[in-house]
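Below is one structure, written out as structure tokens; comments come after it.
The values are calculated or read from the model by the stated rules, or taken from the named source; none is laboratory data. Bear in mind the structure is a predicted one, so any value in this text is a computation, not a measurement. Backbone-built Cβ (ideal geometry, glycine too); neighbour counts: all protein chains shown. To get the accessible areas, we keep the full protein, side chains included, count just its heavy atoms, and leave off ligands, DNA and RNA. Shrake-Rupley method; radii C 1.70, N 1.55, O 1.52, S 1.80 Å.
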Amino acid sequence: MAGEKIVVVEDERVVARDIEKRLLQLGYAVPAIASSADEALQKVAEHHPDLVLIDIQLWGEADGIEAAEAIRVNFDIPVIYLTAYADEATLQRAKATEPFGYIIKPFDERELHVAIEVALRRRLAEAAIRVALEKEQELRELKSRFWSMFAHEFRTPMTSILSCTQMMEQYGNTMPEARRREYLYLIQNSIRSMDSLLNDILTIARAEGGSLEFSPTFLNLEQFCRELVEEIQFISDSTHSITVTTQGNCANTCLDKKLLWHILSNLLSNAIKYSPPGSSIALDLSCPNGDVILTITDVGIGIPPEDQPYLFEPFYRASNVGTVPGTGLGLTLVKKCLDLHGGHIQVNSTPGQGTAVTVKLHSNSSCPIPEQMQNR
């Protein structure tokens, strides 16, 4: 390795300059030389070196071991001791600071070079281990959140189903027809909720595992959007007014129907979920120059600015959702489907005023030509 910055801490000026010369010949940079513990801390804070070579015996009240401990605690920079003192007590004090090396004076250039390279490579290895451990911890936390969410989101509809069936079993013969229909409606909604959650989880798992395919086909996008809106309104029993407007010719686009269904169904469901009952939702569709732009606009609770950078993280939910149910997986799924489609998403939202989500896709030019079009 070469070019790394090394600060030299040595109170004998001639020795310090000799070490500096050797380091420069080996290809390292020496941004500063210090002669005391206080000056060493100042130079380290100023230059943020990759390594510090420090003598144990220094001018001033604090010695090199005290300075090395402060460097380790405050800056997490590796230290190699350079000293003519090697008694047992000194060694034990030095070891407590967790140094990356200990060279006894006088030393030759090769010995110095080897000690520095070992220390620098050890630092890189330890940094890589720290990153791996942090990722492992994040994965454990993510799995813990997943199972907690999964259990909670499944327990709620299962409890509703169990309660309804128990009531119907106990009072089935005397239960009014209106109440019976109400219980059946709750059971159906609970099953739909569980099915939707399972579909989202399985789709995300396929995307993570690389088995979620991108298969574009010719699609009448305007018709697809209108049918999807009808389906979403029926499933959610929504009282919202959802309008679909189209600009340009969107009758013969080349998109992946399944991925597009996941994208739009989640965005429309969010607009319904976080908007007042009976309010208006707009789905605007345009197809300029081979591109597809879909914008879903609502007048709901909006998303606080501090939450917006994290919307696509698994299980993340905005701080203002209150008691509105949800898993925090919908937008994660949207983003993964968009990535497979080579698309982009933009969210513009103001708390208390509403949200506009714009999705941009490119109509694929390599769609297989339908048989009926080939025979023309």
For the chain, the longest principal axis of the Cα atoms and the Cα long axis of helix 177-209 enclose an angle in degrees, to the nearest 10, of 40
Could you pull out every one of the lysines with an alpha carbon less than 30 Å from that of LYS43, ignoring same-chain neighbours closer than 8 positions? LYS5, LYS21, LYS95, LYS105
If you place +1 on the Cβ of every Lys and Arg and -1 on the Cβ of every Asp and Glu, how big does the dipole about the Cα centre of the chain come out, in debye to the nearest 20? 1420
Out of ALA178, LEU197, LEU219, whose Cα points farthest toward the positive end of the dipole of the chain (charges: +1 Lys, Arg; -1 Asp, Glu; placed on Cβ)? ALA178
Spin-label zone in the stretch 254-280 - amide nitrogen under 17 Å from a point set 7 Å from the Cα of VAL347 along the C-beta vector: 263-275
For the chain, dividing by residue count, accessible area per residue (probe 1.4 Å) in Å² works out to 56
With label points built 7 Å along Cα→Cβ from the Cα atoms of TYR316 and GLU46, find their separation and express it in nm. 4.0
Answer label for log10 I(q)/I(0) by the Debye sum over Cα atoms at q = 0.08, 0.11, 0.12 Å⁻¹ (calculated), chosen among (i) -0.67, -0.83, -0.90; (ii) -0.53, -0.92, -1.04; (iii) -0.48, -0.83, -0.94: (i)
Could you tell me how many degrees, from 0 to 90 and to the nearest 10, lie between the Cα long axis of helix 330-341 and the main elongation axis, the longest principal axis, of the Cα atoms of the chain? 80
FRET efficiency, THR323 to ASN252 (Cβ-Cβ, R0 41 Å, nearest 0.05): 0.40
Mean residue ellipticity (222 nm) of the chain, computed from DSSP H runs ≥ 4 via -39,500 (n - 2.57), nearest 500: -17000 deg cm²/dmol
How much length, in nm to one decimal, is gained on full extension between ASP76 and ALA62, taken as 0.36 nm per residue of separation minus their Cα-Cα distance? 3.1 nm
Net charge, LEU268 excluded, C-beta distance under 13 Å - Lys, Arg +1, Asp, Glu -1: -3
How many nm is it between the label spots at GLU231 and HIS362, if each spot is 7 Å from the Cα in line with the beta carbon? 2.7
Whichever lysines have a C-alpha closer than 21 Å to that of LYS257, once near sequence neighbours (fewer than 8 apart) are set aside: LYS335, LYS336, LYS360
Can you give me the C-alpha center-to-center distance between the stretch 297-344 and the stretch 213-276, rounded to a whole angstrom? 17
On the protein heavy atoms, probe 1.4 angstrom, tell me the percent of accessible surface of the chain carried by carbon and sulfur. 53
Does anyone have the angle between helix 109-171 and the longest principal axis of the chain? Alpha-carbon axes, 0 to 90°, nearest 10? 20
Nearest 5 percent is fine: what portion of the DSSP beta bridges confined to the chain is antiparallel? 50
